[in-house]
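Everything below concerns the one structure shown next.
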Amino acid sequence: MKSTLYKIAMFTCLSASVMSCGLDEYNPSDTSGGEELKTVDGLKQLSSYCYTPLYEQLFSASDYLSVAEAGTDLWLTANNKTNTQQLFYYEGLTTSTNGTNKLFTQAYTMINTCNAVINRSLDVTSGDMGTLATVVAEAKCLRAYYYMLLVTQFGNVTLTTTESSENPVMNPTRSTTEDIYNLIISDLKDAAQVLGVNPMDGNYARVSKKTALGLMARAYAQGAGEGLSENGVSYWQRAKEVAEDLIANQAAYGAYLYDDVADVWAQANNRNNKEALFIAGGPHAGSESYIYGFNANTLFTYTFCDPNKLNDIYSVSNKQNYLYGRVNNNLYAPSKYLVDCFDATYDKRWENSFTTAFSLFSMVKAGWRSYDDKNSTITLTEAQCTKYGIDPSFVGSKIYPYAEVDADNVGSNGGNQYVATVWPFGDTSGNVANAETVKNVYVNPYPLAEDENRFILYLSKDYLTAEDKAKRGYICVNIDDLFKADGTYVETFIDEQGTNTYTQYPSLNKFNFNFKGGFNGGNLQRKTGDMFIMRMAEVYLIAAEANVVLGNGNAAAEQLNVLRKRACRNAADFDAHMKLTTATQNDIFDEYARELCGEFSRWALLKRHKAFETRLAAYNPRAAQSFSQKNYVRPISFTFLSQIENADEYGTNGY
């Protein structure tokens, strides 16, 4: 059985569903194991491959993130870097660009496996038929998801519902966008009818009824941007209906929305998060999958800045930063628009999305670094104060560690787990028994107090004057000073002393995991937490978005207010400072930014509202210079085009 499944997996990893290459890799009539796939258990094992790229690639490597989030109004490259300009700024985007090329082939590869499961189910002769129905429903749900990725990013590609090994196509033709969405919606309706409230085998990484319904709302919204309708009813109306049904009946569907946005990102809630509708499940410590390093997540290394660049005061080697991890890629920096979206005085999504204060750490319990070790607690020197603009009155004062990091070994598969607790403000005893467990160690206190003595660097959202900075015994950088007048990031020093403070930026902390089982052992560049593919908050956003388009601004405001209320720092401030009475299109854009920044949704949102020209011109001027109408679809994969016979006829989408 394993031999047969691995042959199928190898085949599907080497060819897209409309490609003919690799046919020698697997023969569906192979007597070595083909009969196994006529059983429910055999087909169930095959269906597991339909999930393969979710964590191994799409939601753990940087490629899909660059396709789904870059090139929008939310993200710029740190210090205006030019090494990733194809997707961030539409400069030199080609059929061979890694992110789009990989997405195309990965999606089609999994569609081929889904097709195999769906079609081969007709030949199953033994096993539990109820389980078989669920296996097929899962495959339809996942096929719809992968087709949604393709049609959103690449437009009217080829729709196929058969295995390429059964009917290889050397001269594929494009399908209509409408036909692709028809299949997506049909698959999701079928899946929603069959899938249970609880996932098969209790495995939360499998899709369930709420997954199908959530994806259906998303698909209707995306298809609405293409002007589609169903039986004379606009897709916007359908999106509203499905989203509002899921909201009204969320308990019956097993869906959930946390009352406090901080709980969404609490480290203890990462595994099997209650708000998740669809999860890319990370490998668990102690499980067989944990030994595969490529299953680990590196996204946090791209979205965090590197305080070690201030290495004469922040003395932690990047390879040994047991608090933040090895954050050495430093690429995704929030745009000025995204920073300004948050009124952090009232909205605690700011610090629950971005780390802006950076500290050292102790490792007292592990015995690796004492509380008063020179690499844990620093005594400010005159040279340091002069260089970093810290008032000379703080010469000789100490900056203590914020975090206490353990090194708990959970076995050969997981290796050490560097779970952090927090030293209470004002307690400098170094007594490890006093360290406290918090929801998320990467959520720093907001606002950072003047007399705070646990952080070395603070990127302040509120503009601090020279007089304000003089009251603080730590490095203060105004976030506004990191931007040039046109909204792009500075590329050189912002102070007279020529320090590297200009390289720092508010760091997205949604992908940085810190819980037992969330680490890939000693590899500090990889972590293994679960990733949201879709969560319940997006359903509220879709409902509000549809209502705005349909002219129901008041209803949209009520739906947005649910998210805004749970994000309000103090409940007493909600009515005066966070509550909406009606909502506009700009409110929709802003709320998506606050709630879902970094969560693989922004490019699709701007596409369905044809908003790139206006949004980029206002908030991403470098991208606006290169963006044109052709960029509403991505280049067709070079890997695909090089293996069909009618590449010229099929076209590249204009690239």
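One residue alone among 421, 428, 386 is on the phi < 0 side of the Ramachandran plot, assigned to a helix (DSSP H, G or I) and not acidic (Asp, Glu), and that residue is 386.
Between a residue in region 168-185 that is not assigned by TED's automatic domain parsing to the domain that holds residue 636 and any residue that is in a helix (DSSP H, G or I) and of a type in the set (Lys, Arg), which pairs come within a Cβ distance under 9 Å, given they are 6 or more apart or on different chains? Once the first residue is not assigned by TED's automatic domain parsing to the domain that holds residue 636 and sits in region 168-185, its partners that are in a helix (DSSP H, G or I) and of a type in the set (Lys, Arg) give 183/143; 184/143; 185/238.
Of everything in region 106-119 that's surrounded by 19 or more Cβ atoms within 10 Å (Cβ to Cβ) and not aliphatic (A, V, I, L, M), which residue is nearest to the chain's Cα centre (by Cα)? Among those that are surrounded by 19 or more Cβ atoms within 10 Å (Cβ to Cβ) and not aliphatic (A, V, I, L, M), it is 106.
Can residue 172 be described as buried (at least 16 other Cβ atoms within 10 Å of the Cβ) and more than 27 Å from residue 246 (Cα to Cα)? Here the answer is yes, as residue 172 does meet what is asked. Cβ-Cβ distances below 7 Å connect no pair with a first residue in region 330-346 that is in the same structural domain as residue 573 (by TED's automatic domain parsing) and more than 11 Å from residue 506 (Cβ to Cβ), a second residue that is modelled with pLDDT of 95 or more and surrounded by 23 or more Cβ atoms within 10 Å (Cβ to Cβ), and a separation of six or more residues or different chains.
Among residues of region 379-405 being among the hydrophobic types (A, V, I, L, M, F, W, C) and free of Cβ contacts under 8 Å to residues at least 12 places away in the same chain, the one that is surrounded by the most Cβ atoms within 10 Å (Cβ to Cβ) is 385.
A quick yes/no check of all residues on (1) assigned by TED's automatic domain parsing to the domain that holds residue 59; (2) over 16 Å from residue 154 (Cβ atoms):
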site: 602; (1), (2): no, yes
site: 626; (1), (2): yes, yes
site: 637; (1), (2): yes, no
site: 645; (1), (2): yes, yes
site: 648; (1), (2): yes, yes
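The set of residues from region 481-505 being assigned to a loop (DSSP other than H, G, I, E, B) and either of a type in the set (Phe, Trp, Tyr) or outside the structural domain of residue 462 (by TED's automatic domain parsing) (or both) comprises 493, 505. Only one of the numbered conditions (1) closer than 28 Å to residue 353 by Cβ; (2) touching a strand residue (DSSP E or B) at 6+ places or on another chain (Cβ under 8 Å); (3) not charged (D, E, K, R) is not met by residue 426, and that is (2). The residue that is surrounded by the most Cβ atoms within 10 Å (Cβ to Cβ), counting only those in region 180-207 that are touching a helix residue (DSSP H, G or I) at 6+ places or on another chain (Cβ under 8 Å) and outside any helix (DSSP H, G or I), is 207.
Checked against (1) surrounded by fewer than 19 Cβ atoms within 10 Å (Cβ to Cβ); (2) in contact with a helix residue (DSSP H, G or I) (Cβ under 7 Å, 6 or more places away or on another chain), residue 319 passes all but a single condition, namely (2).
Please find, among 473, 522, the residue that is in contact (Cβ under 8 Å) with a residue 60 or more places away in the chain and either in contact with a Gly (Cβ under 9 Å, 6 or more places away or on another chain) or under 22 Å from residue 594 (Cα atoms) (or both). Spell out how you get there, then give the answer.
Numbers: 473 fails: either in contact with a Gly (Cβ under 9 Å, 6 or more places away or on another chain) or under 22 Å from residue 594 (Cα atoms) (or both).
Of 473, 522, the one residue that is in contact (Cβ under 8 Å) with a residue 60 or more places away in the chain and either in contact with a Gly (Cβ under 9 Å, 6 or more places away or on another chain) or under 22 Å from residue 594 (Cα atoms) (or both) is 522.
Pairs are defined by a Cβ separation below 7 Å, a sequence spacing of at least 6 or placement on different chains, a first member in region 589-616 that is under 12 Å from residue 537 (Cα atoms), and a second member that is among the aromatic types (Phe, Trp, Tyr); the pairs so defined are 594/342; 599/532. Looking across region 222-249, the residues that are within 22 Å of residue 612 (Cβ to Cβ) and either under 24 Å from the mean Cα position of the chain (by Cα) or in contact (Cβ under 8 Å) with a residue 12 or more places away in the chain (or both) come down to 222, 223, 224, 225, 226, 228, 235, 236, 239.
On the stretch given as region 580-608, residues that are part of a loop (DSSP other than H, G, I, E, B), out of contact with any Lys or Arg (no Cβ under 8 Å at 6 or more places or on another chain), closer than 26 Å to residue 628 by Cα and of a type in the set (Gly, Ala, Ser) total 1. Taking the numbered list (1) closer than 23 Å to residue 266 by Cα; (2) in contact with a strand residue (DSSP E or B) (Cβ under 9 Å, 6 or more places away or on another chain); (3) crowded, with 23+ Cβ neighbours inside 10 Å; (4) among the polar types (S, T, N, Q) in turn, residue 376 passes all entries but (1). Of the conditions (1) under 21 Å from residue 408 (Cβ atoms); (2) within 19 Å of the chain's Cα centre (by Cα); (3) buried (at least 20 other Cβ atoms within 10 Å of the Cβ), residue 305 satisfies every one except a single condition; which number is it? Single failed check for residue 305: (1).
The values are calculated or read from the model by the stated rules, or taken from the named source; none is laboratory data. Small disclaimer: the values here were computed from a predicted structure and weren't measured. Using ideal geometry, Cβ is built from the backbone for each residue, glycine included, and neighbour counts are taken over all protein chains shown.
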